[in-house]
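First comes the structure, then the notes that go with it.
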Amino acid sequence: QVQLVESGGGLVEPGGSLRLSCAAPAASFRFSSMGWYRQAPGKQRELVAMIKVDATMAYGDSVKGRFTISRDNGKKIMWLQMNSLKPEDTAVYYCWLNFGRRDYWGQGTQVTVSS
């Protein structure tokens with residue numbers, strides 16, 4: 001069973017920054033694609049960013065230029081650095097891992113951007 005442990009959410013003012021972390025100690029980390037999705041109330045879950053096994057990255061249009069995804073295969077941790085946060089970034093953020101054609105999800109961490 002692959003467990004994903006998220007941390008780093010919270011309340012931040014518009015224009016501020018947060019960094020989310022996702023640890024996957026039991027996963028075949030270096031052979032997994034990973035990423036972040038988010039879901040705001042009343043909306044569908046959407047891709048925020050992903051980083052594949054070959055380190056190629058993809059971002060949702062609304063976060064390009066503001067968010068940066070990275071990973072450390074040795075430590076089995078993935079990060080999402082979020083800068084210039086906007087109120088519309090408010091959502092529950094979920095860590096995602098794909099290995100062996102199976103998807104795994106974290107429990108979610110709340111990010112609230114408000115003054």
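Return the distance in nm (one decimal) between the two label points of a simple spin-label model at Ser70 and Ala55, each offset 7 Å from Cα along Cα→Cβ.
Placing both labels 7 Å beyond Cα along the Cβ direction yields 1.2 nm.
Per residue, how much accessible area does the chain show when a 1.4 Å probe rolls over the protein heavy atoms, in square angstrom? Can you show the working numbers first?
Working: 6260 Å² over 115 residues.
For the chain, the solvent-accessible area averages 54 Å² per residue.
Normalised by the residues of the chain, what does the relative contact order come to in percent, with Cα pairs under 8 Å and at least six apart?
Worked out over the chain, it gives 36 percent.
Sorting check: for 20-26, 68-74, 50-56, which peptide has the highest mean count of neighbouring beta carbons within 10 Å, and how do the rest follow?
20-26, 68-74, 50-56
Assigning unit charges at the beta carbon (Lys, Arg +1; Asp, Glu -1) and nothing else, what dipole magnitude in debye, to the nearest 20, does the chain show about its Cα centre? Walk me through the intermediate numbers first.
Values: 14 positive and 9 negative charges, 62 e Å.
Result for the chain is approximately 300 debye, rounded to the nearest 20.
Do you know the Lys pair count in the chain for C-alpha distances under 19 Å, with sequence separation 8 or more or different chains?
5
When the chain is fully extended, how far beyond the present Cα-Cα distance does Arg102 get from Glu13, taking 0.36 nm per residue of separation?
Full-extension gain reported as 28.4 nm.
Just to be sure I understand: if I project the alpha-carbon convex hull of the stretch 28-115 onto a plane and average over all orientations, what area do I get in nm²?
So the mean shadow area of the Cα hull is 6.1 nm².
Computing the accessible area with a 1.4 Å probe over protein heavy atoms, can you report the carbon and sulfur percentage for the chain?
48 percent
The values are calculated or read from the model by the stated rules, or taken from the named source; none is laboratory data. Because the structure is predicted, anything quoted here is derived from the model rather than measured. Using ideal geometry, Cβ is built from the backbone for each residue, glycine included, and neighbour counts are taken over all protein chains shown. When the accessible area is computed, the model is the full protein with side chains, heavy atoms only, and any ligands, DNA or RNA have been set aside. Shrake-Rupley method; radii C 1.70, N 1.55, O 1.52, S 1.80 Å.
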